[in-house]
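Trainee: A single structure is presented below for examination.
Rule-based calculations on the coordinates, nothing more; no lab input. Nothing here was measured: the structure is a model prediction, and the numbers come from that model. FYI the Cβ positions are ideal-geometry reconstructions off the backbone, even for glycines, and counts take in every protein chain you see.
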Amino acid sequence: MLTYLPEALAAPVSEAEHAERGAAPSSRFRVPMSDTSSTASADDRTQADAGLVLRMAAGDKTALAELYDRFSRPLYATALRIVTDPTDAQDLVHDAFIALWEKAAVFDATRGTAFAWAVTLIRHRAIDRVRSRRRRSELLTAALPADLGYDEDSGASADTSAARSDQASAVRAAVATLPGDQKRALELAFFSGLTQQEIAQKLSAPLGTVKARIRRGLLKLRDSLAHRL
Amino acid sequence: MIDERHEELAALFALDLLEGAERTQFESAVAADPALAALVQSLRESSATLAHTAPATEPPPALRARILASAAAVSAEQPRAKIIPFPALIGWAAAACFAALAAILGVRYYSGQSEAESLRSRIATTELALKGAQNENDAAQIIARRQIDTLIQQAAGSSRQLDAEQQRATNAESRLAATALQLAAADKKAVDALQQLAQLTPRLDAASRNTAEVRTQAEELGAALAAAQTHIASLQHDLQTQGDLANLKITALASLLKNSPQAIAVAVWNPAKQEGVLKVDKLPALAADKTYQLWVVDPQYPNPVDGGVFTVDPQTGAQSVKFTGKQPIAAIAAYAVTMERKGGVEKSAGPFLLLGK
């Protein structure tokens, strides 16, 4: 599981070497020290993120600062979207990064990316908080400000980091290709904290239909992202 | 080959929408099927990218410093052991072994070989322990996730109970509203009744007055009835009297006087009352020491019964006197009037002046 560490820490892969190796299977476990290139591939970003987590596991606070710069905007936006209160969202981001710092040593790059790990962590905490604060019936009627991929305000400023901004743009472009009902179902599934039944009730659609929309939407998003990232 | 059903479950699982037994069963399926596990991981990665679709908002600059300060505090509290990767450890161990071998080359060759073997064994043991700790951590995460699911279900149950309570409260309010309506209707009826009562009161007063008048009339009628009864009693008395009259014995007395042949007398006797009336007319006036005395002849006695004395008006010779017998009279055979000395006598001695049978 951790066999890539010596190579990653002791001999960072150069940009040229990195480009040369491309998408070779072994490149998944090579971790560049930095990733500022706006043209970096998804694998490059993934490796860079994992490398930062591994440096954090070794107690490197500069790695934590770097990871914050890469993740904080989408994580904060997600938390704010779910809990709606800026103070709560800041507390959630703070607690999430401290959790990443403390649990960095148990991060397993073979089980998922660091970004997915961080998003899952903050999303769970945000939903727990909003569920504990509001009754579920209120969740049903809570207004959701914008549809996925159609929020004009969430454009270029979503992530000022060039690489992350590219990723955000690619995601929005991919989401924009989804049918409206699939986008709406995914939006509620990801941000609302509602159950399957509650989502169906919210959308006034049969439960089976809502499940099918989520399945199709997520598979299509995955396939679309594979071409864009 | 993954069917649509598992694709659907994988998508819902990636978005944390599976709960309870469905989630547990799917976790087991994922653990047993690497292809399904790969699908779940790819969908989790895809769903995580949705974080980029949230409206962009810049976190406050102070948050970064706050997080780094907290991280430093965590490090100070719990010094992080410097992680030395196992492959590096192997390298250093190997180097150490070679150094040791060089130092005691030839002398402790077999001993050194044994130490190297022991060191490899310890490394293997350490890796196993690390793997075990990771498994425990995974198990703890699964347990915690299930506990969270349970709490969420409990919260949903509480929410349903609250909804039910609200429904009951709404029903109670409806009943209260219905009761209020009934109360209002009852109030209106009461007002109507009061109005009717107000209308009826004058009638009642009038009826009371009528009653008083009727009572007065009744009393008057009672008085009239009493008077009538009295009159009837009087009439009955008169009738009785008339009945008595039927039993009266009337006897005319003729004059036996030569000088007063016109003298006449009538005697009426009521046997029931044992009394009678004697009416005389045109009898001659008597001297002052003389008196007339009436006698009643009853066959049961040997001598006439004394009927009392009387005088007449000197001018007209008339008189009317009530009389009774000195002794009880059963039957009257005749009357006689004699002239006696003043005050009368017990036994007749004078001449008969009038006689009647």
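Trainee: Could you work out how much longer the chain between B:LEU183 and B:SER320 gets when fully extended? Use 0.36 nm per residue separation minus the Cα distance between them, nm to one decimal.
Mentor: Computed gain between B:LEU183 and B:SER320 is 39.8 nm.
Trainee: Another question about this same structure. Using a ≥ b ≥ c from the Cα gyration tensor of the range B:1-79 (square roots of the eigenvalues), is it rounded, prolate or oblate, where a/c under 1.5 gives rounded and otherwise the larger of a/b and b/c decides, a/b for prolate?
Mentor: Prolate, since a/c reaches 1.5 and a/b exceeds b/c.
Trainee: Convex hull over the alpha-carbon atoms of the range B:147-262: what's its volume per residue in Å³?
Mentor: On the way: hull volume 22.5 nm³, N = 116.
Taking the convex hull of the Cα positions in the range B:147-262, it is 194 Å³ per residue.
Trainee: If you don't mind, there's one more thing I want to ask. What is the mean number of Cβ atoms from other protein chains located within 10 Å of the Cβ atom of each residue in peptide A:186-192, rounded to a whole number?
Mentor: Mean shielding count: 5.
Trainee: Could you work out Rg/(2.2 N^0.38 Å) for the range A:56-105, with Rg from alpha carbons only?
Mentor: Compared with the compact-globule rule of thumb, the range A:56-105 sits at 1.17.
Trainee: Once both axes come from the Cα atoms, what is the angle between helix B:109-247 and the longest principal axis of chain B, in degrees from 0 to 90, rounded to 10?
Mentor: Between helix and principal axis, roughly 10 degrees.
Trainee: Taking the mean number of other Cβ atoms within 10 Å as a proxy for protection, how do you rank A:173-179, B:216-222 from highest to lowest?
Mentor: A:173-179, B:216-222
Trainee: Per 0.36 nm of contour for each residue apart, how much would the distance between A:LYS103 and A:THR209 grow if the chain were fully extended, relative to their Cα-Cα spacing? Mind dumping the intermediate values first?
Mentor: Values: separation 106, 0.36 × 106 = 38.16 nm, distance 3.87 nm.
Extra length available between A:LYS103 and A:THR209 comes to 34.3 nm.
Trainee: Further question on the same structure: Considering only Cα-Cα distances, which of the following residue pairs are longer than 26 Å: B:LYS279/B:LYS347; A:LYS103/A:LYS202; B:LYS322/B:LYS357?
Mentor: Working: B:LYS279/B:LYS347 22 Å; A:LYS103/A:LYS202 37 Å; B:LYS322/B:LYS357 19 Å.
Result: A:LYS103/A:LYS202 exceed 26 Å.
Trainee: Looking at the P(r) of chain B, how many percent of alpha-carbon pairs lie beyond 38 Å?
Mentor: The share of Cα pairs beyond 38 Å in chain B comes to 71 percent.
Trainee: Enter the mean number of other protein chain beta carbons within 10 Å of the beta carbon of each residue in A:66-74, as an integer.
Mentor: That average works out to 3.
Trainee: Which ³J(HN,Hα) values in Hz, rounded to whole numbers, follow from the phi angles of the range A:178-183 under the Karplus curve 6.51 cos²θ - 1.76 cosθ + 1.60, where θ = phi - 60° and Gly and Pro get x?
Mentor: 6, x, x, 5, 5, 4
Trainee: A further question on this structure: Would you grab the residues whose amide H sits under 5 Å from the one on B:GLY307? Only those 5+ places off in sequence or on another chain, please, with H modelled 1.01 Å from N.
Mentor: B:LEU294, B:TRP295, B:VAL296
Trainee: If contacts are Cα pairs under 8 angstrom and at least 6 residues apart, what is the relative contact order of chain B in percent?
Mentor: Reported as a whole number, the value is 9 percent.
Trainee: Another one. Please work out the FRET efficiency for the pair B:LEU225 and B:ASN247, using the Cβ-Cβ distance as r and a Förster radius of 22 Å; give the result to the nearest 0.05.
Mentor: Values: r = 32 Å, r/R0 = 1.46.
Between B:LEU225 and B:ASN247 the formula returns 0.10.
Trainee: Moving on. Once label points are set 7 Å from the Cα along Cα→Cβ at both B:ALA69 and B:ARG209, what is their separation, rounded to one decimal in nm?
Mentor: So the two model labels end up 10.0 nm from each other.
Trainee: Using only DSSP helix segments of four residues or longer, with each worth -39500 (n - 2.57), what per-residue ellipticity at 222 nm results for chain B after dividing by its residue count and rounding to 500?
Mentor: Computed ellipticity for chain B at 222 nm equals -22000 deg cm²/dmol.
Trainee: Now, a different point. In a Gaussian network model over chain B where Cα atoms closer than 10 Å are linked, find which of B:ASP313, B:ASP187, B:ASP149 has the largest mean-square fluctuation.
Mentor: B:ASP313
Trainee: Average partner chain C-beta neighbours within 10 Å, per residue of A:174-185?
Mentor: Going residue by residue through A:174-185 and averaging, the value is 1.
Trainee: Which residues' amide hydrogens lie under 5 Å from the amide hydrogen of B:LEU253, considering only partners 5 or more residues apart or on another chain, with H built in the peptide plane?
Mentor: Sorted by chain and number, the residues that satisfy this are B:ALA265, B:VAL266, B:ALA267.
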